[in-house]
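Contents: one structure, followed by commentary.
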Amino acid sequence: MDLNTIAEIVRPTERREIPAWRAGDAFLAGGTWLFSEPQNRLTRLIDLSTLGRPPLRATDAGLEIAATCTITQLENMSMPALWPVKPLIEQCCNAFLASFKIKNVATVGGNIVMSLPAGPMISLCVALGGELIIWTPDGGTRRALVIGFITGNNRNTLGPGEIVDTIHLPAAALTRRTAFRQISLTNFGRSGALIIGTLDAAGAFALTVTASTPKPYQFRFDALPGADELTARIDGEVAGKWFGDIHGLPAWRRDMTLHFAREIVAELGGGAR
Ligand SMILES: Cc1cc2nc3c(=O)[nH]c(=O)nc-3n(C[C@H](O)[C@H](O)[C@H](O)COP(=O)(O)OP(=O)(O)OC[C@H]3O[C@@H](n4cnc5c(N)ncnc54)[C@H](O)[C@@H]3O)c2cc1C
């Protein structure tokens with residue numbers, strides 16, 4: 001939709017051209033959320049796409065994803081053979097309630113900053129130990145793990161004028177085996193539960209719970225847990241905090257989460273799906 005309160009659009013090509021933050025500003029990434037509903041308090045957009053950041057960079061330290069990398073660019077990237085997480089990346093890119101028209105412009109950073117429970121880039125980055133590199137308005141940077149950055153439904157620790165620049169996924173996480181489960185109440189509906197398990201070479205297991213909770217949770221074990229231990233850990237920490245809205249009731253989301261958690265342990269343990 002047209003945003004008819006916008007009086008100015010700034011298109012910086014490098015960081016020093018980004019204007020000082022003022023009330024009524026918003027950073028524009030893919031614009032898929034910004035242009036999807038009225039934004040009557042906004043008067044100026046600062047377009048991040050003109051910064052021209054390289055979308056993806058694989059190094060010995062891991063994968064650097066520019067916040068402005070689109071979902072399609074991430075989905076189509078070719079990865080070093082040593083990194084077996086490519087299927088997980090594709091599964092998360094396909095977990096949007098959205099067609100290719102959205103995925104071609106929506107960005108990884110925009111999805112994380114939106115901080116919706118059903119944000120699949122949040123699920124992916126939390127499962128792979130993602131860390132954000134954030135530009136602060138005083139010209140500095142700060143780092144924040146994605147799991148701590150999201151504090152609730154549409155809530156995070158980003159301050160006024162702060163920009164998510166890069167998401168770093170550490171190399172060690174990219175070598176893990178993964179298992180993915182996701183469910184929506186309707187075909188192509190918004191995720192009601194999106195659960196990811198990872199297993200490292202030493203046998204350590206981590207379960208990432210998203211979409212069924214307002215913010216991500218991660219449960220770590222030295223080895224694959226039994227069903228009772230797993231259920232007790234999840235219920236113990238999430239009790240009373242299951243997410244509920246038109247896309248799924250809390251009780252259903254809990255049931256799906258526990259069911260998928262057990263399936264994931266069986267899959268990574270080599271058992272039947
Ligand atoms: C049809 C449709 C389906 C959708 N399905 C889903 C879904 O399944 N799950 C989901 O989570 N969302 C969904 N969305 C919402 C939205 O499209 C996505 O969250 C998307 O990833 C947002 O990215 P964007 O680049 O388009 O962000 P924008 O719309 O450009 O920005 C979103 C917000 O983040 C801020 N922002 C963006 N990038 C940065 C940055 N680097 N630093 C600081 N602030 C920044 C903006 O100022 C704005 O407040 C859907 C939207 C539509 C229209």
* To do: Hydropathy first: keep DSSP H helices in the chain averaging at least -0.5 on Kyte-Doolittle, then drop any whose Cα extent along the axis falls short of 30 Å, and list what survives.
  => none
* the stretch 176-268 - Rg and Dmax from Cα coordinates, angstrom -> 12.7, 41
* What is the packing order of peptides 144-151, 17-24, taking the mean over residues of other C-beta atoms within 10 Å and listing the highest first? -> 144-151, 17-24
* Taking every pair of alpha-carbon atoms in the chain, give the share separated by more than 31 Å as a whole percent. => 26 percent
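Would you mind putting 179-188, 112-121 in packing order, based on average other-beta-carbon counts within 10 Å, highest first?
Working: 179-188: 15.7, 112-121: 24.4.
Top to bottom by mean Cβ count within 10 Å: 112-121, 179-188.
If you restrict to DSSP beta bridges whose two residues both lie in the stretch 4-71, what percentage is antiparallel, to the nearest 5?
On the way: 4 of 11 bridges.
Antiparallel bridges make up about 35 percent of those DSSP assigns within the stretch 4-71.
In what sequence, highest mean first, do 210-219, 48-57 appear when ranked by Cβ atoms within 10 angstrom?
Values: 210-219: 23.4, 48-57: 16.1.
In descending order of packing, they fall as 210-219, 48-57.
I need the shape label for the stretch 125-191. Rule: rounded when a/c is under 1.5, else prolate if a/b > b/c, else oblate, with a, b, c from the alpha carbon gyration tensor.
Values: a/c = 3.14, a/b = 1.44, b/c = 2.18.
In terms of gyration-tensor shape, oblate.
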* So what is Rg over Rh here for the stretch 51-172, counting just Cα atoms and using Kirkwood for Rh? -> 0.94
* What's the carbon and sulfur percent of the chain's accessible surface, probe 1.4 angstrom, rounded to a whole number? -> 53 percent
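With every protein chain left in place, what is the accessible area per residue of the stretch 27-70 in square angstrom, probe 1.4 Å? Write down the numbers at each step before the final one.
Values: 2050 Å² over 44 residues.
Ligands and nucleic acids excluded, the figure is 47 Å² per residue.
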* Asked: Given 0.36 nm per residue, what is the gain on full extension from residue 90 to residue 60 after removing their alpha carbon distance, in nm?
  -> 8.6 nm
* To do: Any lysines with Cα under 27 Å of the residue 103 Cα? List them, leaving off those in the same chain fewer than 8 positions away.
  => 86, 215
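Give me the number: length gained by fully extending residue 266 to residue 185, i.e. 0.36 nm times residue separation minus the C-alpha to C-alpha distance, one decimal in nm.
On the way: separation 81, 0.36 × 81 = 29.16 nm, distance 2.41 nm.
Gain on extension, residue 266 to residue 185, equals 26.7 nm.
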* Give the shape of the stretch 8-50 as rounded, prolate or oblate, defined through the alpha-carbon gyration tensor: a ≥ b ≥ c are the square roots of its eigenvalues, a/c under 1.5 means rounded, and otherwise the shape is prolate if a/b is larger than b/c and oblate if not. => oblate
* Calculate, in nm to one decimal, what residue 101 and residue 246 gain on full extension: separation in residues at 0.36 nm each, minus their alpha carbon distance. => 49.8 nm
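The values are calculated or read from the model by the stated rules, or taken from the named source; none is laboratory data. Values in this document were obtained by computation on a predicted structure and should not be read as measured data. In this analysis, Cβ positions are derived from the backbone assuming ideal geometry, glycine residues included, and neighbour counts consider all displayed protein chains. Each accessible area value is taken on the protein alone, full model and side chains, heavy atoms only, with ligands, DNA and RNA left out. Shrake-Rupley method; radii C 1.70, N 1.55, O 1.52, S 1.80 Å.
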